[in-house]
Structure formats: structure tokens, C-alpha cells
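Q: My questions will all concern the structure given below.
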Amino acid sequence: EAGGLLSGWESGGQYTPTIATDTLHTGQAAAFLGRHVTSVPLTAPETIGGGMYTAPDIAVDLQGALHVVYGTILYTYRPRTGAWAEAIRIGTPGTYYYQVTPKVVVAPDGGVHAFWNGEQGIYYSHRLPDGSWSVQTAISPESYCHSQRAAADGRGGLHFIFWCGAFGAVYRHR
């Protein structure tokens, strides 16, 4: 409809894209648009740690180092060129040893942040300059919270969103 939100958009017909170059992009993350790909080259599987795995999570920093959280809140990393570091526990077991679904976020300044479901809700901890981790802090308003996500912005802010039974979607930032 003229002047509406979708003015300038067409609702039917066929559009054939124009290929501007025949240059192929390379690398494991390359997309081959319009071309049939029979396989994507991957490295051989690597075991990075033992113990109970509950939905591991991974993030990559600006230098290409990999940061991983998994299990009952273990953390390990691998520099761009190097081996996996020995995993360390960043979650503190409570009276009811319930710590699952960890997530990790790397901020543009290199700060590594982890959060997970625990005994009293969603917990948060960050890596200190000496490589140790801050004391975990409960960041949710109740214990029945899950489905946590986080994002770091370019100004040093960290944004959290998660679901809590009595509150619905909850947003927090620091």
C-alpha cells in the first residue's frame, strides 16, 4: 500500500541476483552462495575436558583465542596458536550441587564473562587480570530462572536477559 511501512517493497515476482564477481572466498566459515558444496572441511574432534557436560558454550576474542565453559562450571581457553589450558572450576558448589547451562561472552576489551543456572537462579562471574575468577554473584530476582543470554557492547557494557517464572523476561546490565 502506498505510503505504508512496506512502500518500495514488492510482494511478488522473481528477482534474479547479479553475480558481481567470480572470486571464491576461502576458509572454514566461507559461504558459497548459489554453489553446491559437498563438504565443509573441519578439524578432527578434540576432547578438551572430562566430567559432566551440560550444553558447553564457546566464544572467540579479538586475538583469536577460544574461551569455553562447560560442565558444572568449568572454564578453559586456547590461544590462537597453542594448546588448551587446564580447566578450572569457576562455579562454587552449593548445598544442592546444581550448576548447569553455562554461557561465556568475551567483550571487545578482552574481558571474559561467564554466567549459568545455579541453586539460587542465574549466577555471574568474570575473569580477573591475573587469570583467576571473581566470586560468583546471583543476578536473578528468584531461583526459578533459565534461558540466559548475554552480549557485550563496544563501550564496556554487559547486557543480560533471562526468563524467570514469576517475572517473565528479565533484562539487567552492568
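Q: Where the convex hull is taken over the Cα atoms of segment 57-174, what is its projected area averaged over directions, in nm²?
A: The orientation-averaged projected area of the Cα hull of segment 57-174 comes to 7.1 nm².
Q: Where the accessible area of segment 73-162 is counted over protein heavy atoms with a 1.4 Å probe, how much of it, in %, is carbon and sulfur?
A: Working: 2490 of 4610 Å².
Summing carbon and sulfur atoms, their accessible area is 54 percent of the total for segment 73-162.
Q: Let me ask something else. Enumerate by residue number the trypsin sites (Lys or Arg not before Pro) in segment 59-124 meeting two conditions: DSSP loop (anything except H, G, I, E, B), and at most 10 other Cβ atoms within 10 Å of the site's Cβ.
A: 80
Q: Using a Förster radius of 35 Å, what is the FRET efficiency between residue 144 and residue 88 based on their Cβ-Cβ separation? Nearest 0.05, please.
A: 0.75
The values are calculated or read from the model by the stated rules, or taken from the named source; none is laboratory data. Predicted model only: the values in this text are computed from it and were never measured. Note: ideal-geometry Cβ built from the backbone for every residue, glycine included; neighbour counts use all protein chains shown. We work out accessible area using only protein heavy atoms, side chains counted, and drop any ligands, DNA or RNA first. Shrake-Rupley method; radii C 1.70, N 1.55, O 1.52, S 1.80 Å.
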